[in-house]
Amino acid sequence: DRGSVQNSPKLYDVEYLMPVSLGTPSQQLNLDLDTGSSDLWVFSTLLKESMVNGQTLYNPNASTTSDKMEGYTWKITYGDQSYSSGDVYIDTVTIGDLTVSTQAVEAAKVVSEEFTADSDNDGLVGLGFGIINTVQPYKQKTFFEKAMPGLDSPVFTADLKAGAPGRYNFGYIDDDAYSGNITYVPVNSTDGFWRWVSPGFQVGSAGSFNSTRIHGIADTGTTLLLLPDSVCDAFYSQIASAEYEPSQGGYTFECGDPTVPDFYFGTANGQMIRIPGSYMSYSKTDTGSSRCFGGMQSDSGVGFTIWGDVALKAAFVVFDQGSEQLGWAEK
Ligand SMILES: O=C(Cc1ccccc1)Nn1cnc2ccccc21
């Protein structure tokens with residue numbers, strides 16, 4: 001079996017949403033595929049109206065195939081301190097023609113203001129490892145873990161694009177979606193993330209390669225590229241107008257600055273993925289400002305590097321849960 005679904009970026013590529021069908025008759029919601037967490041949760045009719053702001057709500061009572069898991073609850077807090085919680089139903093879930101008939105659907109009863117404010121986002125499909133699923137008293141498998149046994153190959157791929165729709169594929173690798181070879185690196189799933197080690201980085205096409213092991217996670221649910229301070233300093237020192245602005249919460253530079261270099265990160269066997277300098281102009285710092293907030297920021301508040309959408313949209317990425325490895329290719 002296999003599946004394929006288009007993903008669509010929101011403004012500034014802050015997140016990528018995909019259509020997902022839940023229940024019978026099907027209810028279509030737009031969800032954020034998130035390899036940095038492992039709960040599938042949705043805005044639902046269980047929420048107070050004050051927490052809803054245009055989102056489409058999953059109504060378990062309108063689904064003939066939903067079963068309430070009595071006594072089961074969930075509560076998740078993300079790295080940016082946003083959170084949600086609620087009850088658990090078993091129902092059928094379809095993503096891109098791939099159906100899981102007994103998926104744990106976590107129906108929100110409470111969501112934090114960040115989620116309420118994000119009116120296009122109806123919830124998340126966590127595709128980290130199930131070990132960090134938050135359902136109590138017994139954690140639940142992710143959509144991919146439930147689908148995996150029936151797939152042609154135990155992989156899913158992420159093809160995120162800058163300012164354009166991309167695609168998530170399940171169960172196969174589309175050889176027309178990338179160029180050159182896919183280079184694989186080992187993954188450590190102990191803490192539930194797609195955690196891997198990059199051998200180093202290079203700033204600019206004429207720069208030298210800095211051999212320094214960078215421990216981090218591949219996370220489609222994080223917008224930016226969060227890297228060690230030493231790497232950020234090496235990058236922003238090459239941009240004439242760059243400054244670290246505590247008031248803005250990070251590095252900024254003049255949006256049109258022509259000195260913004262490309263950034264390369266190593267994967268394995270000498271392969272490097274090139275992130276175009278244009279991806280580093282994340283967003284204007286304030287309305288009417290000429291300064292841009294950098295797409296690369298410090299990971300010092302996190303404790304490990306996060307290869308978020310700014311990095312992932314420069315590559316074709318294979319999440320191979322069968323052999324716990326990540327595949328990287330240019331495109
Ligand atoms: O929370 C983060 C980024 C982050 C910020 C600070 C420290 C550690 C990590 N990403 N993320 C990953 N999945 C998410 C889902 C919702 C909100 C944010 C999400």
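The values are calculated or read from the model by the stated rules, or taken from the named source; none is laboratory data. Bear in mind the structure is a predicted one, so any value in this text is a computation, not a measurement. Here the Cβ positions follow ideal geometry from the backbone for every residue, glycine too, while neighbour counts run over all protein chains shown. Only protein heavy atoms, including side chains, enter the accessible area calculation; ligands, DNA and RNA are left aside. Shrake-Rupley method; radii C 1.70, N 1.55, O 1.52, S 1.80 Å.
For the condition surrounded by 14 or more Cβ atoms within 10 Å (Cβ to Cβ), under 21 Å from residue 160 (Cα atoms) and more than 13 Å from the ligand (Cβ to nearest atom), residue 51 does not qualify. Taking region 61-83 as the range and being in contact with a strand residue (DSSP E or B) (Cβ under 7 Å, 6 or more places away or on another chain), within 16 Å of the ligand (Cβ to nearest atom) and polar (S, T, N, Q) as the test, only 77 passes.
The strands (runs of 3 or more DSSP E) found wholly in region 215-331 and carrying at least 3 residues that are aliphatic (A, V, I, L, M) and under 22 Å from residue 180 (Cβ atoms) occupy 272-275.
The set of residues in region 207-230 that are without any contact (Cβ under 8 Å) to a residue 40 or more places away in the chain and out of contact with any Pro (no Cβ under 9 Å at 6 or more places or on another chain) comprises 208, 210, 230.
Filter region 195-204 down to the residues that are in contact (Cβ under 8 Å) with a residue 60 or more places away in the chain and closer than 20 Å to residue 259 by Cβ, then identify the one that is nearest to the ligand (Cβ to nearest atom). Here the answer is 201. Looking only at residues in region 96-133 that are out of contact with any Gly (no Cβ under 7 Å at 6 or more places or on another chain) and acidic (Asp, Glu), the one that is most open to solvent (accessible area, probe 1.4 Å) is 113. Selection within region 225-249: residues that are closer than 11 Å to residue 299 by Cβ and within 16 Å of the ligand (Cβ to nearest atom). The member of this set that is nearest to the chain's Cα centre (by Cα) is 225.
For region 134-153, the set of residues classified as within 19 Å of residue 182 (Cβ to Cβ) and either of a type in the set (Gly, Ala, Ser) or open to solvent by 50 Å² or more (accessible area, probe 1.4 Å) (or both) consists of 152, 153, listed by residue number. Within region 82-111, the set of residues being outside any strand (DSSP E or B) and within 19 Å of the chain's Cα centre (by Cα) comprises 82, 96. Of 317, 302, 310, all but one fail to be open to solvent by 20 Å² or more (accessible area, probe 1.4 Å), out of contact with any Cys (no Cβ under 8 Å at 6 or more places or on another chain) and within 16 Å of the ligand (Cβ to nearest atom); the exception is 302.
Out of (1) within 16 Å of the ligand (Cβ to nearest atom); (2) in contact with a Ser or Thr (Cβ under 6 Å, 6 or more places away or on another chain), the odd one out for residue 43 is which? Going through (1) within 16 Å of the ligand (Cβ to nearest atom); (2) in contact with a Ser or Thr (Cβ under 6 Å, 6 or more places away or on another chain) one by one, residue 43 breaks only (2). If we scan region 180-202, do we find a residue that is more than 30 Å from residue 38 (Cα to Cα) and either among the hydrophobic types (A, V, I, L, M, F, W, C) or crowded, with 16+ Cβ neighbours inside 10 Å (or both)? Yes, the conditions are met somewhere in region 180-202.
Per the listing 234, 242, 311, the residue uniquely closer than 22 Å to residue 158 by Cα and of a type in the set (Gly, Ala, Ser) is 311. The residue that is surrounded by the most Cβ atoms within 10 Å (Cβ to Cβ), counting only those in region 244-287 that are under 21 Å from residue 185 (Cβ atoms) and of a type in the set (A, V, I, L, M), is 275. Of everything listed in (1) crowded, with 23+ Cβ neighbours inside 10 Å; (2) closer than 25 Å to residue 149 by Cα; (3) away from the ligand (no atom under 13 Å from the Cβ), the single unmet condition for residue 58 is (2). Checking each residue of region 65-81 against the condition of being on the phi > 0 side of the Ramachandran plot, free of Cβ contacts under 8 Å to residues at least 60 places away in the same chain and either part of a loop (DSSP other than H, G, I, E, B) or crowded, with 17+ Cβ neighbours inside 10 Å (or both) gives at least one match. Within region 19-30, restricting attention to residues that are surrounded by 17 or more Cβ atoms within 10 Å (Cβ to Cβ) and out of contact with any Leu (no Cβ under 6 Å at 6 or more places or on another chain), which residue is nearest to residue 306 (Cα to Cα)? Filtering first and then ranking leaves 29.
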